[in-house]
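Data block below; observations after.
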Amino acid sequence: MPKELGKTPPMGWNSWNTFSWNIDEKLIKGAADAMVETGLKDAGYEYVVIDDCWSLKERDGNGRLVPDPEKFPNGIKAVADYVHSKGLKFGIYSCSGTHTCANYPGSFEHEFVDAATFAEWGVDYLKYDYCFKPKGIPGELLYRRMSMALRNCGRDILFSACNWGNDGVHDWIRNTGAQMFRSTGDIQDSWNSVKNLALSQMNMRQSQSGVYCWNDLDMLVVGMRGKSDNSWIAEGGFGCTDDEYKTHFSLWAMMNSPLMIGCDIRNMSEATKNILTNKDVIAINQDVEGRGPIEIDHWCNESCKGLVKPLENGDYAILLVNFMDGEHPAQFSFNFWDMGLPYNSGYALEFYDVWEHKVVGTFKERYCTDLKPHSCEMFRVKLVKTDAQGVDLNK
Ligand code: GAL
């Protein structure tokens, strides 16, 4: 049933952030094992995706892509079969230009033969990049081409477009048939990178993302802790704190981004695992209506933001983030008026903290809290009938 692909934001793991060109059969199989053993699969992650650098530099005599025999001695199909045997789905990477970003053959003018090859190998997901795009042909047309090829290759293959937000992609990508689209440049394992990517895609950008075609803020850096074979992504090797990774994951979940893990899932700390498998947070990301959040600026500090997202059962998700640097917490006052709930409505909000996994109180008119720099609080809130008295304003 192709129409079900991308009904909610895709979830999985991708090799690029940590391993870049250092990929092989053992790594991918190990990632599939880890996906099951660590509980990631149970939490909803399903795609195991090989990024760039998996093929030889030349096509074969029939114009087909050839897996690098040193990295993948048994071919790609064997890896896909293994991933499938774990109850997971398998993804691969190509490029709309003549070459991939790492200079391997791209799919330009080979779209239909490549789609057929991928189908034969058992591919379920294709990430499609934008390097070496020939001049004079619109990118939009190249994504239409590959989408058509995939939709007619005889296998359900999710199409993950990756043109980094260029050429007005937000306006045309849904109509090409892609299920997700990268809207930003590449993420790095640092707070600034996380912050800049998130801030670049708020408000209007969020209403251009939804069911069957999701705005992809890039693979997660949660748990990388500066470890990457790619020094640009490692960005100094310091990574983020667990608190910053928690904010990062909350933002991606709240903004309906696909959740593609980028750390080494074979070696995760407990803290990393707890962040990535938080079912309450994932449920907000996977809400069937897929409505984007509205952004509510803090009245006294523009670096503090509230995001509010309506959920299918009448609840709302609320994420409060302090984007500021420094030592001091920000005082946050989140007024329910801004999300559509006036004081005289007769309703208060019951706040369930999705990181603490408990109800923290019922509030009327506003919720006040102190947020440390780079930290967040995230809630699922429920409307409850109340009289005007007897309800806490502060926690
Ligand atoms: C970039 C892309 C990255 C990664 C890389 C591979 O263009 O944004 O996510 O796929 O190419 O070379």
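The values are calculated or read from the model by the stated rules, or taken from the named source; none is laboratory data. Remember, predicted model here, so these are calculated numbers, not experimental data. Counting neighbours? That spans all protein chains shown, and the Cβs are built from the backbone with ideal geometry, glycine included.
Taking segment 132-144, which residues are touching a residue at least 24 places away in the same chain (Cβ under 8 Å) and either loosely packed, with under 15 Cβ neighbours inside 10 Å or more than 24 Å from the chain's Cα centre (by Cα) (or both)?
Result: 132, 133, 134, 138.
Would you tally the residues in segment 353-386 being part of a strand (DSSP E or B), touching a residue at least 60 places away in the same chain (Cβ under 8 Å) and crowded, with 17+ Cβ neighbours inside 10 Å?
Matching residues across segment 353-386 total 7.
Kindly list, by first and then second residue, each pair from a residue in segment 191-211 that is farther than 20 Å from residue 221 by Cα to a residue that is of a type in the set (Ser, Thr, Tyr) and buried (at least 16 other Cβ atoms within 10 Å of the Cβ), limited to pairs with Cβ atoms under 9 Å and residues at least 6 apart or on different chains.
Within 9 Å, the pairs are 205/183; 208/183; 209/183; 209/257; 211/8.
Among the candidates 338, 325, single out the residue that is touching a residue at least 24 places away in the same chain (Cβ under 8 Å), acidic (Asp, Glu) and in contact with a Gly (Cβ under 8 Å, 6 or more places away or on another chain).
338
Write out, first by first residue and then by second, each pair whose Cβ atoms fall under 6 Å of each other, whose residues are 6+ apart or on separate chains, and whose first residue, in segment 164-188, is farther than 22 Å from residue 5 by Cβ and within 14 Å of the ligand (Cβ to nearest atom) while the second is charged (D, E, K, R) and assigned to a loop (DSSP other than H, G, I, E, B).
Pairs found: 184/218; 187/218.
Looking at segment 252-274 only, could you name the residues that are within 18 Å of residue 194 (Cα to Cα) and touching a Leu at 6+ places or on another chain (Cβ under 9 Å)?
Within segment 252-274, 252, 253, 254, 255, 257, 258, 259, 260, 261, 262, 263 qualify.
Test each condition in (1) part of a helix (DSSP H, G or I); (2) within 16 Å of the ligand (Cβ to nearest atom); (3) touching a helix residue (DSSP H, G or I) at 6+ places or on another chain (Cβ under 7 Å) for residue 196 and report the one that comes out false.
For residue 196, the exception is condition (3).
How many residues does segment 1-31 contain that are farther than 21 Å from residue 228 by Cβ, out of contact with any strand residue (DSSP E or B) (no Cβ under 9 Å at 6 or more places or on another chain) and modelled with pLDDT of 95 or more?
Qualifying residue count, segment 1-31: 1.
Quick one: would you say residue 48 is within 16 Å of the ligand (Cβ to nearest atom) and β-branched (Val, Ile, Thr)?
When the stated conditions are applied, residue 48 passes them.
Can you work out which of the residues in segment 168-201 that are among the charged types (D, E, K, R) and surrounded by 16 or more Cβ atoms within 10 Å (Cβ to Cβ) is nearest to the chain's Cα centre (by Cα)?
182
Can you tell me which condition residue 38 does not meet? The list is (1) surrounded by fewer than 23 Cβ atoms within 10 Å (Cβ to Cβ); (2) within 22 Å of residue 275 (Cβ to Cβ); (3) touching a Leu at 6+ places or on another chain (Cβ under 7 Å), and all the others hold.
For residue 38, the failing item is (3).
Considering segment 1-44 alone, what residues qualify as being in contact with a helix residue (DSSP H, G or I) (Cβ under 8 Å, 6 or more places away or on another chain), assigned to a loop (DSSP other than H, G, I, E, B) and more than 16 Å from the ligand (Cβ to nearest atom)?
Within segment 1-44, 8, 9, 38, 39, 44 meet the criteria.
Go through segment 211-252 and give me each residue that's out of contact with any helix residue (DSSP H, G or I) (no Cβ under 6 Å at 6 or more places or on another chain), charged (D, E, K, R) and at pLDDT 95 or above.
Result: 216, 218, 225, 227, 243.
For segment 188-195, does any single residue satisfy the condition of being of a type in the set (Gly, Ala, Ser) and at positive phi?
The answer is no; no qualifying residue exists.
I'd like the full set of residues that are free of Cβ contacts under 8 Å to residues at least 40 places away in the same chain and of a type in the set (A, V, I, L, M), limited to segment 284-315.
308
Would you mind listing the helices (runs of 4 or more DSSP H) fully within segment 67-154 where at least 1 residues are over 20 Å from residue 23 (Cα atoms), within 16 Å of the ligand (Cβ to nearest atom) and among the small types (Gly, Ala, Ser)?
The qualifying helices (runs of 4 or more DSSP H) are 139-151.
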